[in-house]
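Okay, structure first, notes after.
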Amino acid sequence: MNIIKPLLMFILISLQMYSQPSINLVVFPELTTTDFASFATLNDLQGAPRIFCAEINAPGQMVVMAGKVEWKKIGSPDFVEVAWFITRPFLARTLCNDDIGKVDVRIYDHRSNTKLIEENLNFGKPTGEYRLTVMLYDSTSQNLLASDTKNLVFFNPSQTITIINPRTNQSYDAGNILVEWTPVFGASEYFIKASERTDQNQSIEEALLRGTPLVNNKSTGTQTSVNLRNLLERELKPGSEIVLQISANIPGPAGGKKIFSEIVNFSILNPESQYYQQLIQRFNNVMQRFGSNELFQLLGSDRFDPSKLQIRKEDGTIMTFEELVNFLEMNANNILRITKE
């Protein structure tokens, strides 16, 4: 009996001395409602909200922790590194991201891909899959002791701007593009950015960020509608594809924050194209079925371009010229008369 007790004590001490160090990554549920901007700046973890904690089990040891964020864009097969950091040696303990950079846990080195961070922020709503990895090293930072990984999906609850007009994949007359969006409570100013998409292999995000801007973040003040022509820095090309995004500035501490709409893409009508000429012919044919009326006389004159008609539907969107022609053709027998107000 006297031998068994010391033997048990020896086994217990041995297990404690030689237990494998471990690190367990705990990501808070609220992370899925965190703005990506709070998460991307890993070189300023102390100033970020509490996003994750690393439970480190290596009693009495001096250790080093590294962490990185990777992003897999929608449609891409691979993750790419967005940000990375590594600490100086510290006495092993559980720590959270907002502990890093103060007291005993100091950043030794860090890096971030500003291009990818900017691309994420300009999406307005971060998309794709994100991977957070933490790695535990010995005090030399040469020997990896343990690691843990969590895959995440972010969304931005402040995403409240919805573009009403123009609409994605529709065609508009170059001089008749009404840009409208839903207002945001507390917004002091709205901005419009628009570019031409010249390469179909480009995503609409890439086209907006890398193309030569047609409208380069021009302010509309507090207005939530504007004719795009009034903001253009160069002329729209007939037949071209345009990408457009709205942002809003919300005043607050440290300059406030910006929120972004989704990006819409639409086309510019080409008056010389066969498609446009066919629409005009179809429009004239259906108008003749209504007989002589005041509107037909106006539309049939050389003073009026029917593609410049703006007919607002019940949902607030503007009917495109093609939609108007389709509507008139499908409902010709149900329309009793057309008058001008």
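What to note about this one:
- Each Lys or Arg adds one and each Asp or Glu takes one away; over the other residues whose Cβ falls under 11 Å from the Cβ of ARG282, this sums to -2.
- About its Cα centre, the stretch 163-268 has a charge dipole of approximately 200 debye under the convention of +1 per Lys or Arg Cβ and -1 per Asp or Glu Cβ, with nothing else charged.
- Restricting the stretch 205-253 to GluC sites (Glu not before Pro) that sit in a DSSP loop and have at most 15 other Cβ atoms within 10 Å of their own Cβ leaves GLU233, GLU235.
- Positive minus negative residues near ARG111 (Lys, Arg vs Asp, Glu; Cβ under 12 Å): -1
- Pairwise label distance in nanometres, SER147 with LYS115, each label 7 Å out on the Cα-Cβ vector: 2.4 nm
- Scanning residues 5 or more positions from LEU214 or on other chains, those with amide H under 5 Å from its amide H are ALA194, SER195, GLU196, with H placed 1.01 Å from N in the peptide plane.
- Of the cross-linked pairs LYS68/LYS193; LYS73/LYS313; LYS68/LYS218; LYS115/LYS218; LYS73/LYS150; LYS72/LYS115, those separated by over 25 Å at the C-alpha level are LYS68/LYS193; LYS73/LYS313; LYS68/LYS218.
- Using the Cβ of VAL179 as centre and a radius below 12 Å, the other residues enclosed give a net charge of +3, where K and R count +1 and D and E count -1.
Rule-based calculations on the coordinates, nothing more; no lab input. These numbers come from a predicted model, not from an experiment. Heads up, the Cβs are rebuilt from the backbone with ideal geometry, glycines too, and the neighbour counts pull from every protein chain shown.
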